[in-house]
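Have a look at the structure below before the remarks.
The values are calculated or read from the model by the stated rules, or taken from the named source; none is laboratory data. Model, not experiment: these values are computed from the prediction. Don't worry about glycine lacking a Cβ; one is built from the backbone with ideal geometry, like all the others, and counts go over all protein chains shown.
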Amino acid sequence: MNPFFFGSSKKPLFGIYHPPQSRAAKERAVLICQPLGHEYVRAHRAVRQLALLLSKAGAHALRFDYYGTGDSGGEGDEGGLAQWTQDIGTAIDELKDVSGASRVSIVGVRAGALLAVLAVSRRRDVDAVLLWDPVIDGAGYAALMDEMNRQWLGSEYPRVPNGDLETSRVGALGFHFTPAMRRELEQANLLSLEDFSGKRLSMIVSTEDPEHRALRARLDELRVAHDYACVPGGGDWARRERITATILPHQVSGLLQGIVGALA
Amino acid sequence: MKEKAVLLGKTRTLVGIITDPASGTQTPAHATVLLLNAGLLHRIGPSRMYVRLARELAAAGFPVLRLDFSGIGDSEARRDNVAFEEAALEEVRDAMDLMAKAKGSQRFLLMGLCSGADNAFQAARVEPRVAGIALIVGFAYRTPGFWLRFYQERMLDLGKWKQLLVTKFGAGGKAESEVQAGEALDDSEASYVRGFPPIDQTRSDLEAMASRGISVLFAYSAGQYQYYNHAEQFDDAFRGADFRGRITSRFFPSSNHTFTRHAHRDELIDAIRNWAVTTTTAGSNRAREVGAVP
């Protein structure tokens, strides 16, 4: 395990590289794109476990924080969809450099799945993208964050009228969610995907959702090879009661094994 | 300001981030700051609070190390069956050794929220290199003034009356459990559940720290409503104790437990930075007065 900063000195990104712990039949390099905001915090330990499992299965694994998130440079209000998709490109280049691989695979978790697909749709050095409980519609995700934020702040600050919460500096669950970030996210929708040629797309989800079917239909239209699996148990992403609950690796062990099996 | 990732500890399996002040802004008066995990949250802290706090402190001239204890965040779990509290103290010492070697640090300020506060307190009891501790939602003790406000508030709370009626007369209603001094930072199965030491022991520990020249800041929030609810409570709880002017408290009457709202977080970070600057400057002056090496 090697924690380090990479990218430009003006916008450093934090990542942890896990070198292969065994020899695999086919060398793999896997980049993990994490969720955003409180979902990033909830998934942190499970994402670490995923990187360890990939490394044990013989893959080079890199997980990293987008600009303005986690340990990376920048303040919380400085990021945005354009910046974060650019960061994914920077991380792919870094992973190719440290691993020596010419092509990489991507795992995108929640909003990280949306960002990953947008970031790599036209790249030729990515051969597979696996989406874990993906956010497919940015506008729907923004609405979910609003509702979670309203419920959370309402329970934490019962005497403050909802309309008065975070009027000066918009935030969701303590993380920044600025109007600019919202505008960018609301325009992003994987059902509008135009090009995903040369890559396989896999979805592994903890609960069935009509959006998943819609995305598979869109991939059929684009003639993109894809597969899908539902492994119950996991995030409970839309439940307010789970908003601060760490996702423990054993709670998603089946899902993590499924991801490793698909990629390593 | 520059940030660097490090692996530390005897097995080099603990992950930390050093935030260095810009060259030329660090002075001998500046101690090095260690930020300790808040519950199970990794080293960025609640809502990334520790990242901002580290950068603000570095801008004021303090080198800062944010680290993950073993088994938390990115750090590997230990394999030696040492109890968490004992391991935390050993790992605080590992972090001090690293910063002593890398930066020449000899004096340390330890800071943390919830379990981070508890671990900072325990380290300060026994570790001579600690110059100060900032305890965010640290130990608290209920006083008559606390209970008066606690019940006044409940008397005026319509929801509590409804709950009482349901409890008394509703089918299947559960009796409200007694308010506990312990609490959980989150509702996951692996929550950190706290227990506070007896007040006499805490008073004695704080007097001993004060006599050793250690400064302490208790930062309480309204999110601790089960055991802290007004600004004067700390002074009331420890009335008559000899703290030599080194132990201070601050109450944030609008904040929740983890300072979720940006405005409350800003206020907390300002308070801690100002305390760190004041306490190390005063400590340095005191040391010069008696001819000791700062």
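Could you please tell me which pairs satisfy a Cβ distance under 6 Å, a separation of 6+ or placement on different chains, a first residue in region A:108-125 that is under 13 Å from A:Leu201 (Cα atoms), and a second residue that is among the acidic types (Asp, Glu) and not in a strand (DSSP E or B)? What qualifies is A:Ser121/A:Asp195. When you check B:Ser47 against the structure, is it in a loop (DSSP other than H, G, I, E, B), within 13 Å of another protein chain (Cβ to nearest Cβ), in contact (Cβ under 8 Å) with a residue 60 or more places away in the chain and within 22 Å of A:Arg63 (Cα to Cα), yes or no? In short, no. Among the residues of region B:241-274, those that are polar (S, T, N, Q) and in contact (Cβ under 8 Å) with a residue 24 or more places away in the chain comprise B:Thr248, B:Ser249, B:Ser254, B:Ser255, B:Asn256, B:Thr258, B:Thr260.
Quick one: in region A:175-219, which of the residues that are touching a His at 6+ places or on another chain (Cβ under 8 Å) and free of Cβ contacts under 8 Å to residues at least 60 places away in the same chain is surrounded by the most Cβ atoms within 10 Å (Cβ to Cβ)? Going through the qualifying residues, I end up with A:Leu219. Might you let me know whether region B:229-246 holds any residue that is charged (D, E, K, R), more than 30 Å from A:Gly234 (Cβ to Cβ) and within 17 Å of the chain's Cα centre (by Cα)? There is at least one residue in region B:229-246 that is charged (D, E, K, R), more than 30 Å from A:Gly234 (Cβ to Cβ) and within 17 Å of the chain's Cα centre (by Cα).
Residues of region B:247-268 that are assigned to a loop (DSSP other than H, G, I, E, B) and more than 18 Å from the chain's Cα centre (by Cα): B:Ser254, B:Arg261. When restricted to residues that are part of a helix (DSSP H, G or I), within 19 Å of the chain's Cα centre (by Cα) and either at pLDDT 95 or above or crowded, with 20+ Cβ neighbours inside 10 Å (or both), region B:205-223 contains 7.
Summed over region B:57-81, residues that are within 17 Å of the chain's Cα centre (by Cα) and among the charged types (D, E, K, R) total 2.
Test each condition in (1) within 11 Å of another protein chain (Cβ to nearest Cβ); (2) closer than 13 Å to A:Tyr17 by Cα; (3) free of Cβ contacts under 8 Å to residues at least 60 places away in the same chain for A:Ala61 and report the one that comes out false. Condition (1) is where A:Ala61 drops out. The residue of region A:225-251 that is farthest from the other protein chains (Cβ to nearest Cβ), among those that are among the aliphatic types (A, V, I, L, M) and either over 14 Å from A:Leu130 (Cβ atoms) or in contact with a Lys or Arg (Cβ under 6 Å, 6 or more places away or on another chain) (or both), is A:Ala225.
Residues satisfying the criterion are absent from region B:1-17 (criterion: within 18 Å of the chain's Cα centre (by Cα) and more than 11 Å from chain A (Cβ to nearest Cβ)).
Every test in (1) more than 10 Å from every other protein chain (Cβ to nearest Cβ); (2) over 19 Å from the mean Cα position of the chain (by Cα) is passed by A:Met1 save one, and that test is (1). Restrict the check to region B:234-253 and report whether at least one residue is closer than 30 Å to A:Val41 by Cβ and within 14 Å of another protein chain (Cβ to nearest Cβ). Yes, because at least one residue in region B:234-253 is closer than 30 Å to A:Val41 by Cβ and within 14 Å of another protein chain (Cβ to nearest Cβ). Check region A:32-47 and report whether any residue there is more than 22 Å from A:Pro179 (Cβ to Cβ), of a type in the set (D, E, K, R) and within 14 Å of chain B (Cβ to nearest Cβ). The answer is yes; a qualifying residue exists. Check whether at least one residue in region B:16-26 is more than 25 Å from A:Lys10 (Cα to Cα) and of a type outside the set (A, V, I, L, M, F, W, C), and report yes or no. No, because not a single residue in region B:16-26 is more than 25 Å from A:Lys10 (Cα to Cα) and of a type outside the set (A, V, I, L, M, F, W, C).
Annotation for region B:82-104: no member residue is under 16 Å from the mean Cα position of the chain (by Cα), within 13 Å of chain A (Cβ to nearest Cβ), modelled with pLDDT of 95 or more and crowded, with 19+ Cβ neighbours inside 10 Å.
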